[in-house]
Amino acid sequence: MKTTLKTSAVLLTLSLALSTGAASAAPVVTSLNTGKTPQAAGISTIAAAKTFTIELNGSALTEQGFQPSAANEPLVPLRAVAEALGFSLTWNQSSKTAEVTKGNIFTTVKSGENRYTVNKMSTTLGAAPQTLENKLFVPASFVSEVLHQTVSVEGQKIVIASAIEHMTENGVITAINTDAKFPSIQIKGTGTSGLVLNLSEDTVLLKADGTKLTVADLQIGMTIEAEHALFSTRSLPPQTPAYQITVLDSVQPEGLLGTEGIVESINTSQDGSLLIRINGTGLTETSQSEIVLRLPADAAIVNESGEPAKADAIVQGTKVIGFYGPMLTKSLPAIGTAWKIVVLPAQQQ
């Protein structure tokens with residue numbers, strides 16, 4: 001989610017410089033009273049700096065923000081703002097950090113350290129957090145870039161509004177990461193294409209009929225409906241927290257394999273079904289890099305979003321992902337039966 005942050009009518013361009021980090025996608029927020037000596041780059045009290053009133057969802061907060069003379073944006077009290085937005089905040093004494101969570105949003109804040117976690121990735125902002133008068137303050141851009149709320153600065157008033165958090169998107173699963181701490185699935189592409197959905201203990205996994213599932217029940221090749229956050233990282237592929245995953249396939253075979261590649265040839269078998277030869281890359285350790293797939297009449301042919309596609313979309317030279325069962329011939333290349341064929345868009349050809 002991109003948010004505009006205005007300071008005295010001057011547009012602040014906030015860059016999101018992402019690198020690999022370690023954090024889970026879960027919700028949390030709290031304010032800090034650490035009992036430490038105030039630290040504020042030469043400012044001993046908030047009154048000594050330019051102050052800002054804070055309006056959140058139409059109501060004024062009792063606490064104020066401030067802007068040091070050398071800063072390019074105001075700072076806001078972390079606990080007061082985070083808790084008013086429904087986040088939870090806890091103090092980690094061992095790491096001397098504040099841990100802020102809400103749903104699938106998780107970040108850590110450390111006074112004096114310009115490094116924040118955004119959906120398992122790290123970013124820097126226009127200023128480092130500061131401890132002043134026993135309270136931890138963060139730059140206003142933290143509310144937009146990390147907490148993903150709407151922020152603007154109007155004169156000496158900071159206006160914060162809760163943002164719409166969810167959107168729905170369909171896609172075919174191409175990869176599953178079952179890491180116990182940071183599970184995720186990838187849809188709508190492989191490698192740097194598509195979208196990675198980060199799962200947490202709060203993510204709801206269901207069949208279309210409402211039956212509950214676990215991460216272990218998910219398989220590559222499944223078409224899902226994902227309810228996820230509006231925001232995502234700027235990595236390739238982008239990553240975003242998932243709130244609910246619903247498997248749309250009425251039948252889910254076990255042990256599916258997958259191969260992404262170019263259709264090298266199309267032939268007709270003795271029973272009249274099509275045989276397509278795919279040469280490319282296996283999506284799992286036991287998947288084939290080259291495979292001949294028989295397309296039975298009930299094989300699903302879809303696009304990357306899981307929407308039906310026409311059989312004549314599969315021609316020689318087309319890039320596809322073939323999903324098939326584990327029963328294969330011992331020939332070279334092996335021959336199997338397709339369960340689902342995903343025809344990839346032209347930009348992935």
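Taking amide H positions as modeled 1.01 Å from N, with prolines and chain starts lacking one, the residues under 5 Å from Ile158 and 5 or more places away or on another chain are Thr53, Ile54, Glu55. Surface listing: Thr281, Thr337 arranged by accessible area from highest to lowest gives Thr281, Thr337, probe 1.4 Å. Surface exposure of the range 103-147, expressed per residue as accessible area with a 1.4 Å probe, stands at 24 Å².
3J(HN,Hα) along the range 239-251: 10, 8, x, 9, 9, 8, 10, 10, 7, 8, 5, 6, 10 Hz, from the Karplus curve 6.51 cos²θ - 1.76 cosθ + 1.60 with θ = phi - 60°, whole Hz, x for Gly and Pro.
Solvent-accessible surface of protein heavy atoms, probed at 1.4 angstrom with all chains present, puts His166, His148 in the order His166, His148, largest first. Restriction of the GluC sites (Glu not before Pro) in the range 250-349 to DSSP coil positions whose beta-carbon has at most 13 other beta-carbons within 10 angstrom yields Glu254, Glu285.
For the residues Glu145, Glu227, Glu307, a 1.4 Å probe over the protein chains yields an accessible-area ranking, largest first, of Glu307, Glu227, Glu145. Between Ala70 and Leu236, the C-beta separation translates, for a Förster distance of 35 Å, into a calculated FRET efficiency of about 0.50.
Tell me the label-point distance for the pair Asn267, Met167, using the 7 Å Cα-to-Cβ offset, in nm and rounded to one decimal. Those two pseudo-labels are separated by 4.5 nm. The mean accessible area for residues of the range 209-349, using a 1.4 Å probe and ignoring ligands and nucleic acids, is 50 Å² per residue. Classification of the range 110-206 by its C-alpha gyration tensor yields a prolate form. The axis ratio a/c (a ≥ b ≥ c) is 1.5 or more, and a/b outweighs b/c.
Applying the criteria of a DSSP loop state and at most 16 other Cβ atoms within 10 Å to the trypsin sites (Lys or Arg not before Pro) of the range 259-349 yields Lys310, Lys330. When a 1.4 Å probe is rolled over the protein heavy atoms, the share of accessible surface on the range 60-194 that falls to carbon and sulfur comes to 49 percent.
In the complete set of protein chains, residue-level accessible area for Thr192 is approximately 90 Å², probe 1.4 angstrom. Close amide H partners of Leu132, meaning residues 5 or more places away or on another chain with modelled amide H under 5 Å apart, are Gln39, Phe137.
Sequence-ordered 3J(HN,Hα) estimates for the range 135-144 from the Karplus curve with 6.51, -1.76 and 1.60 and θ = phi - 60° stand at 10, 8, 10, 10, x, 4, 5, 4, 5, 8 Hz, glycine and proline given as x. Residues whose amide H falls under 5 Å from that of Asp249, counting only those 5 or more places apart or on a different chain, are Thr223, with hydrogens built in the peptide plane. Among the lysines of the range 144-231, pairs at least eight places apart or on separate chains and with Cα atoms under 25 Å apart come to 4.
The values are calculated or read from the model by the stated rules, or taken from the named source; none is laboratory data. Computed from a prediction, not measured in an experiment: that's the story for all the values here. Cβ sites come from the backbone with ideal geometry, for glycine too, and all protein chains shown count toward neighbours. Each accessible area value is taken on the protein alone, full model and side chains, heavy atoms only, with ligands, DNA and RNA left out. Shrake-Rupley method; radii C 1.70, N 1.55, O 1.52, S 1.80 Å.
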